[in-house]
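Q: Structure in structure tokens, see below.
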Amino acid sequence: MAALTEEQSMIRDQAQNWTSSESPVKKFRDMRDGNVEAAFLPETWQSMIEMGWTGIIVPEAYGGSDLGYLTFGLILEETGRNLTASPLFASALVGASAFTIAGNEEQKQGWLPRIVDGSTIATLALEEGPRHGPEQVALKAEKSGNGYTLNGSKTFVMEGMAATALIVPARTSGKPGDQTGITLFIVPADTGGVSRHRLQTVDSRGFANIDFANVEVPAENILGEVDAGYGPLTQLLDRARAGMGAEMLGTANQAFDMTLEYLKTRKQFGQIIGGFQALGHRAAQLFTKKELVRSCVEAALTAIDEDADNTQELASLSKAKAGEFMHQMSNELIQMHGGIGMTDEFDAGLYLKRARVLENAFGNQAYHRDRYARILGF
Amino acid sequence: MADSNADLDAFRAEARTWLEDNFPASLKDKGLAPWGARQEGVHVDDDARAWQASLGAKGWGTPTWPAEYGGGGLTNQQARVLQEEMARIGASNPIPAVAIMGVTMVGPTILDYGTKEQKQRHIPPICRGEIAWCIGYSEPNSGSDLASLSTRAEDKGDYWLINGQKVWTSGANAADWCGALVRTDTSKPKREGISFMMVSMKQSGVTTRPIQLISGSSPFCETFFNDARAEKNDLLGPLNEGWSVGKRLLQHERASQTGGRGSGSGPAPKPIHEIAKTYVGTDEQGRLADLDLRGRIVEQVMAAAAHTLTTRRIAAEAKGNVQVSAAQSIMKNSATIVGQLHAELMIEIMGNQGLGWEGEGFSKSEIDATRAWLGGKAQSIYGGSYEIQNNIISKNILGLPETTQKG
């Protein structure tokens with residue numbers, strides 16, 4: 001754990017207390033079993049808004065507290081630990097960042113206070129295929145009048161059913177694969193021509209496919225410059241990756257703690273199984289990785305807060321290392337629990353399923369290893 | 001102890017003046033004296049001798065050790081300032097290298113456990129760089145299971161009589177003294193009959209033989225005790241409680257081994273992916289032409305980055321008084337993985353050129369990389385093997401029971 005300020009320690013403690021008492025895994029399980037379409041509970045979301053979590057990275061001028069991404073990471077670590085379902089990440093981190101990075105003054109004033117007070121749930125609608133590919137944007141935006149008309153589809157949009165505002169990267173020129181020719185649009189979810197289809201995913205969280213049929217977007221809803229959206233999109237994605245690294249660290253750390261607890265209590269052959277070196281050494285190696293991953297996650301979040309030159313590099317490092325650890329940890333969680341780990345009644349499966357979704361979002365381990373090598377020039 | 005900025009500035013000025021007066025310009029950027037520099041036949045020039053003598057007399061070769069025993073008596077912050085000032089003018093500290101294990105391990109342990117008389121006798125000559133120490137721990141049949149050691153020390157009334165054999169004693173052929181774990185009671189369970197003895201190497205009962213390693217170098221010896229003697233007051237710490245003393249020494253050792261490749265000081269070596277490009281070539285996208293190798297190199301580079309960030313995080317947490325848990329064992333294992341992966345990849349990258357031993361056809365850097373690959377295999381063995389570190393983590397840090405490790 002980084003050396004925290006007093007304010008950061010308070011926020012972390014608050015997040016720990018709140019998630020463990022108000023939003024434990026049981027809450028998520030009940031929501032899943034209730035088949036809630038939005039895939040989160042309104043009271044959970046309301047409490048987060050009241051605690052000020054939706055304004056953590058929003059400047060004070062727009063109603064936020066401007067505490068930064070490292071602080072946001074402390075909260076996401078705790079929600080990750082408890083599998084707390086909410087639009088917090090999609091809206092208050094990714095959505096808000098889109099406006100702070102690319103928004104003009106009017107757009108910031110119009111959208112950020114609404115993200116903070118919860119009346120807007122914003123999300124990024126980026127992917128169009130099964131694999132992460134920010135330059136593969138094909139959804140077409142054609143000039144019409146002083147605005148644009150959007151046609152195409154987005155897949156696997158986070159909180160896609162609950163969102164009220166979509167940040168949509170669309171192609172205004174060039175072809176899929178080109179970095180130039182991408183433009184970011186703000187599309188209210190109730191705009192004519194937008195149709196949403198709920199996805200039932202392995203992690204029981206809120207995802208949707210969204211079709212755009214002749215969707216009219218006025219010029220004032222262009223976020224940033226026409227054809228030059230790839231730069232701000234990359235910046236946005238790196239913030240999302242770094243923030244998600246914190247959530248993944250929390251999810252994986254909980255899986256570690258559950259496993260360690262089991263190793264200390266389960267008896268076979270007349271002894272506590274954690275005394276078997278075959279298990280104890282694996283636990284020791286997982287613990288070592290856990291500590292290395294925390295350093296990467298905190299470094300990436302800090303780099304964003306400090307606007308450092310190596311933010312891209314650290315965001316990829318963080319996402320890849322957190323993904324590697326969570327992948328292995330979620331498998332060991334099942335394996336070391338044995339039969340009980342295979343039962344739906346026990347929580348291990350919830351962590352395994354969530355792990356793969358988080359790994360895949362915004363580029364998996366292989367994606368970020370490749371990107372890291374490219375950044376270093378080989 | 002916290003120093004005010006004004007105090008530190010005053011100390012910086014004092015250090016700067018002293019260094020200007022005492023550091024010979026001829027030694028700028030010359031680096032450390034090699035191990036065993038005090039051996040006969042190894043040339044050390046007059047300037048190096050003079051620098052070592054003045055640094056030793058000042059106590060600044062061991063800056064944080066107590067002044068009453070010849071150390072510098074500086075605070076950690078002052079020591080950091082001194083280090084910065086020395087780096088600024090290209091001065092290095094020869095005392096730790098000359099003392100072999102004296103500065104990094106034995107000295108701190110004597111300061112922890114020694115009587116006033118023992119400290120007065122042994123610490124000042126280490127500070128002055130006059131005495132070199134080695135460590136007698138491992139034996140031919142006691143490696144990872146160190147507590148099974150069988151070198152005996154018998155109480156002969158007015159002295160200890162020592163018989164047995166030690167192995168992997170680094171620098172034993174250059175050392176004046178050996179910090180040895182010996183068995184003083186054979187009737188007790190194995191960890192409870194061990195004592196820590198300070199044994200003079202300059203006596204007829206002690207002989208050493210260098211061990212040639214797979215890398216071609218010989219940094220280690222076998223050390224034989226045949227009716228060797230130690231004085232009664234050369235027992236460090238209580239009788240039969242040498243296991244605790246010995247473990248403390250290992251903590252001092254581990255603290256000096258957690259660097260990892262790419263995180264130490266000195267000029268940064270050429271990055272491995274740049275070296276790879278020169279041997280392997282690149283494709284039209286500028287990627288390394290061997291994509292499988294590229295994938296494994298990037299994993300190593302990322303592991304090294306994670307290690308470096310963790311080293312920094314531990315330092316930052318220590319400054320903020322946040323509890324730093326488990327740092328030494330996890331960092332030693334992490335450094336081992338990063339370092340050995342690097343060495344293996346280097347050999348693979350160089351292909352045939354990574355398989356030379358000496359002579360024509362191979363550059364110096366190629367031979368160095370090959371020797372480093374071989375020498376680096378020791379990293380997961382010395383100072384408590386990779387597996388022993390995992391035992392320490394699982395038992396001491398994670399609180400898992402000890403059932404399969406008898407002793």
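The values are calculated or read from the model by the stated rules, or taken from the named source; none is laboratory data. All values reported here derive from a predicted model rather than from experimental measurement. As a convention, Cβ positions derive from the backbone with ideal geometry for all residues, glycine included, and neighbour counts pool all protein chains shown. Calculation scope for accessible area: heavy atoms of the full protein, side chains included, ligands and nucleic acids excluded. Shrake-Rupley method; radii C 1.70, N 1.55, O 1.52, S 1.80 Å.
Q: Which one of B:Y382, B:Y279, B:Y137 has the biggest mean-square fluctuation once chain B is modelled by GNM with Cα springs under 10 Å?
A: Highest fluctuation of the listed residues: B:Y279.
Q: How many nm is it between the label spots at A:N214 and B:T115, if each spot is 7 Å from the Cα in line with the beta carbon?
A: 10.1
Q: Round to the nearest 10 and report in Å² the accessible area of A:S173, as given by a 1.4 Å probe over the protein chains' heavy atoms.
A: Number for this one is 50 Å².
Q: To continue, here is another question. Step through the residues of the stretch B:73-89 one at a time and calculate ³J(HN,Hα) from phi using the Karplus curve (6.51 cos²θ - 1.76 cosθ + 1.60, θ = phi - 60°), rounding each to whole Hz and writing x for Gly and Pro.
A: Values, residue by residue: x, 8, 6, 4, 5, 5, 4, 5, 4, 4, 4, 4, 5, 5, 4, 4, 9 Hz.
Q: Roughly how many nanometres apart are two label points built 7 Å out from the Cα toward the Cβ at A:S47 and A:V357?
A: 2.0
Q: Collect residues whose amide H, placed 1.01 Å from N in the peptide plane, falls under 5 Å from the amide H of B:G136; neighbours closer than 5 in sequence don't count.
A: B:G179, B:A180, B:L181
Q: Right, another one. Quick check: residue separation of A:N310 and A:L376 times 0.36 nm, minus the Cα distance between them. What number comes out in nm?
A: Gain on stretching A:N310 to A:L376: 22.7 nm.
Q: Suppose we take every Cα in the protein assembly as shown and form the convex hull; what volume per residue is that in Å³?
A: Hull volume over Cα atoms, normalised by residue count, gives 187 Å³.
Q: Roughly how many nanometres apart are two label points built 7 Å out from the Cα toward the Cβ at B:I381 and A:T265?
A: Here the answer is 4.3 nm between the modelled labels.
Q: Further question: If we count every other residue with Cβ under 15 angstrom of A:G193's Cβ, Lys/Arg +1 and Asp/Glu -1, where does the sum land?
A: -1
Q: Another question, then. Taking H placed 1.01 Å from N in the peptide plane, check which residues at least 5 places from B:T151 or on another chain put their amide H under 5 Å from its amide H.
A: B:Q165, B:R183
Q: Shifting gears a bit: With a Förster radius of 45 Å, plug the Cβ-Cβ distance of B:D155 and B:A57 into 1/(1 + (r/R0)^6) and report the FRET value to the nearest 0.05.
A: After rounding, the FRET efficiency stands at 0.70.
Q: Then there is this: Hey, in the GNM for chain B with a 10 angstrom Cα cutoff, which one of B:I123, B:I392, B:I162 fluctuates hardest?
A: B:I392
Q: Separation of the stretch B:54-108 and the stretch B:359-389 by C-alpha centroid, Å?
A: When both Cα centres are located, 29 Å separates them.
Q: A further question follows. In a Gaussian network model over chain A where Cα atoms closer than 10 Å are linked, find which of A:E142, A:E43, A:E77 has the largest mean-square fluctuation.
A: Ranking A:E142, A:E43, A:E77 by mean-square fluctuation puts A:E43 first.
Q: Show the residues, 5+ positions off or on another chain, whose built amide H is closer than 5 Å to the amide H of B:T282.
A: Residues meeting the amide H criterion: B:A289.
Q: Taking the Kirkwood radius as the inverse of the mean 1/r across Cα pairs, report the Rg/Rh of chain A.
A: 0.98
Q: Hey, another quick one. Taking a probe of 1.4 Å, how large is the accessible area per residue of chain B, in Å²?
A: 48
Q: Whole angstrom only: what separates the Cα centroid of the stretch B:192-259 from the Cα centroid of the stretch A:244-286?
A: Using only Cα atoms, the two centres lie 37 Å from each other.
Q: Given the pairs B:K28/B:K377; A:K108/A:K154; A:K289/B:K119; A:K27/A:K290; A:K27/A:K108; A:K27/B:K395, which span a C-alpha to C-alpha distance of over 31 angstrom in this model?
A: Long pairs (Cα-Cα over 31 Å): B:K28/B:K377; A:K289/B:K119; A:K27/A:K108; A:K27/B:K395.
Q: Additional query: If you plug each phi of the stretch A:321-328 into the Karplus form 6.51 cos²θ - 1.76 cosθ + 1.60 with θ = phi - 60°, what whole-Hz ³J(HN,Hα) values come out, in order, with x for Gly and Pro?
A: Values, residue by residue: 5, 5, x, 4, 5, 5, 4, 5 Hz.
Q: Which net charge results for the neighbourhood of B:F220, defined as the other residues with beta-carbon distances under 14 angstrom from its beta-carbon, given Lys and Arg at +1 and Asp and Glu at -1?
A: Neighbour charge sum, excluding B:F220 itself: +1.
Q: Students often forget the sequence filter, so: which lysines lie under 22 Å Cα-Cα from B:K116 once same-chain residues fewer than 8 apart are removed?
A: Candidates past the 8-residue exclusion: B:K58, B:K232, B:K247.
Q: Please compute the length gained on full extension between A:N104 and A:Q335, using 0.36 nm multiplied by the number of residues separating them and subtracting their Cα-Cα distance.
A: Stretched out fully, the A:N104 to A:Q335 stretch lengthens by 78.1 nm.
Q: If you take the beta carbon distance between B:S363 and B:Q285 as r and set R0 to 22 Å, what does 1/(1 + (r/R0)^6) give as a FRET efficiency, to the nearest 0.05?
A: FRET efficiency, B:S363 to B:Q285: 0.15.
Q: Let me ask another. Starting at the first residue of the stretch A:371-377, write each ³J(HN,Hα) from the Karplus equation 6.51 cos²θ - 1.76 cosθ + 1.60 with θ = phi - 60°, in whole Hz, x for Gly and Pro.
A: 5, 4, 4, 5, 4, 7, x
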